[in-house]
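To start, the structure under review is shown below, and the notes come after it.
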Amino acid sequence: MVFLLPGVKFDLDLIQKYDTRAPRYTSYPPATELSETFTATDFQAAIAASNQRKSPLSLYFHIPFCQSACYFCGCNTVISNNKNIAKPYLEHLVQEIKNTTALIDPNRKVLQVHWGGGTPNYLEPDQVEFLWNNITRHFNIDPQAEVSIEINPRYVDRNYILFLRKLGFNRISFGIQDFNPEVQVAVNRIQPEEMLFDAMSWIKEAKFESVNVDLIYGLPHQTLQTFRETVQKTIALDPDRIVVFNFAYVPWLKPVQKNIPLEALPPAQEKLEILKMTIEELTDNQYLFIGMDHFAKINDELAIAQRNGTLKRNFQGYTTHAETELFGFGATSISMLEDAYAQNHKQLKDYYQAVVAGIIPTSKGVNLTQDDIIRRDAIMSIMSHFHLCKSDIENKYHISFDEYFSQELEELIPLVADGLVSLSTNDIQITDIGRLLVRNIAVIFDTHTRMRETKFSRAI
């Protein structure tokens with residue numbers, strides 16, 4: 001029997017019972033449901049409908065380039081040391097912004113901006129400024145907007161960090177993954193401890209409003225003791241948010257992971273012990289367990305959004321503005337509107353060709369049905385708040401929850417018996433134990449992917 005949360009016992013047999021494959025539910029339907037039958041014309045129609053709703057906006061800009069491959073990575077990247085590759089990409093990205101904003105109501109406020117990748121700090125300062133100026137020229141950015149960027153600490157110095165803050169970025173994120181040198185070598189991500197502490201000192205000097213760091217458990221050569229040291233050093237860095245990802249070993253989807261020695265991955269029992277220790281260390285050091293893999297200080301926006309009921313998930317993970325609709329720009333990026341999702345072309349050649357033709361570079365997408373929207377609300381409530389109020393769904397969609405989800409309520413009964421969920425007349429409450437397996441609870445409400453489990457990573 002293993003203690004995972006104070007006063008809560010969880011045994012390995014139960015973990016293994018529910019450690020099946022399930023989506024991470026950064027969207028519903030998941031991205032695996034996007035179809036090439038959805039075209040740029042469909043996305044234009046979705047934008048027109050979105051303008052009628054007048055929802056505020058979130059913006060995502062994908063910078064795909066990295067100087068070297070990290071073997072654990074599941075992102076859509078372009079590996080190149082030739083930085084000249086960025087210039088045509090930025091030119092096409094700005095043209096895409098112009099093409100798309102011609103269709104978006106200019107009065108809609110932007111509450112969030114995020115640059116991800118890849119490695120956004122692959123760009124030189126003048127290139128960052130070029131893109132930034134075009135974003136602010138074409139969008140109505142709220143003065144209080146959250147403006148965040150992901151960086152690779154191997155490729156920044158103090159001046160670059162201070163430059164980002166002065167330009168307008170107020171939130172920043174960087175990947176640690178693991179402090180241990182042996183692990184870093186195995187995943188081709190060598191960044192000495194001093195480098196990470198230097199990066200954090202520059203970020204704090206620049207007075208960023210929130211700092212997020214990423215860890216990954218389940219990497220090769222990790223042990224309970226070595227990862228404890230990583231967690232303790234991370235706490236010493238004092239970030240506002242810590243994301244602790246379960247390494248998704250999916251070499252059939254991400255061939256770069258074939259470089260990872262399979263025999264060096266920690267076994268299931270050790271991964272469980274690592275997870276247990278991580279939760280205990282972080283919650284003992286004033287970090288709240290926000291959900292699934294996110295921890296935040298009590299005064300961080302994620303914690304505040306969860307208390308206020310405005311937390312939701314999108315393709316970047318947990319986000320603080322549930323009322324926004326997301327537009328993604330750049331190769332592979334995904335837009336998430338209220339009733340439609342659309343993904344851009346992944347290959348630069350195809351992306352460039354569409355942009356030059358003046359076409360929105362949509363490669364695939366999906367129009368959501370009313371059933372999708374109802375189930376999305378249920379799943380996102382479970383994922384973001386560990387709670388689902390039946391009457392909220394009933395009042396919003398004019399349905400009888402118990403009738404609509406009669407099959408799902410039946411399927412929850414074994415989870416109730418195992419202590420993952422508690423049911424009452426009006427509420428479905430995820431227990432402390434259930435929080436660790438929340439994906440496996442949410443999948444019960446997912447009609448798209450329960451029959452396609454092999455496409456997804458394991459929950460633990």
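Brief remarks follow.
- Among the residues of the range 213-236, those identified as within 9 Å of residue 176 (Cβ to Cβ) and surrounded by 18 or more Cβ atoms within 10 Å (Cβ to Cβ) are 213, 214, 215, 216, 230, 234.
- Scanning the range 167-224 for residues that are aromatic (Phe, Trp, Tyr) and in contact (Cβ under 8 Å) with a residue 60 or more places away in the chain yields one hit, 217.
- Considering only residues in the range 230-278 that are among the acidic types (Asp, Glu) and in contact with a strand residue (DSSP E or B) (Cβ under 8 Å, 6 or more places away or on another chain), the one that is modelled with the highest pLDDT turns out to be 240.
- The set of residues in the range 388-411 being buried (at least 19 other Cβ atoms within 10 Å of the Cβ) and within 28 Å of the chain's Cα centre (by Cα) consists of 388, 390, 393, 405.
- Options 31, 40, 69: the member that is in contact with a Pro (Cβ under 9 Å, 6 or more places away or on another chain) and closer than 27 Å to residue 175 by Cβ: 31
Okay, residues lined up against (1) open to solvent by 30 Å² or more (accessible area, probe 1.4 Å); (2) basic (Lys, Arg); (3) at pLDDT below 95:
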position	(1), (2), (3)
75	yes, no, yes
85	yes, no, no
93	no, no, no
106	yes, no, no
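- Some residue of the range 338-347 being out of contact with any helix residue (DSSP H, G or I) (no Cβ under 6 Å at 6 or more places or on another chain), open to solvent by 30 Å² or more (accessible area, probe 1.4 Å), touching a residue at least 24 places away in the same chain (Cβ under 8 Å) and part of a helix (DSSP H, G or I): no
- Summed over the range 29-82, the residues that are in a strand (DSSP E or B) and of a type in the set (Ser, Thr, Tyr) give a count of 3.
- Scoring residue 309 on the criteria (1) under 29 Å from residue 198 (Cα atoms); (2) at pLDDT below 95; (3) not β-branched (Val, Ile, Thr) leaves a single failure, condition (1).
- Exactly one residue out of 422, 363, 335, 384 is outside the structural domain of residue 54 (by the TED database), outside any helix (DSSP H, G or I) and closer than 30 Å to residue 279 by Cβ, and it is 422.
The values are calculated or read from the model by the stated rules, or taken from the named source; none is laboratory data. The structure presented is a predicted model; accordingly, all values stated were derived computationally and were not measured. Positions of Cβ are generated from backbone atoms using ideal geometry, with glycine treated the same way; all protein chains shown enter the neighbour counts. In case anyone asks, the SASA skips ligands and DNA or RNA and just uses the protein heavy atoms, side chains included. Shrake-Rupley method; radii C 1.70, N 1.55, O 1.52, S 1.80 Å.
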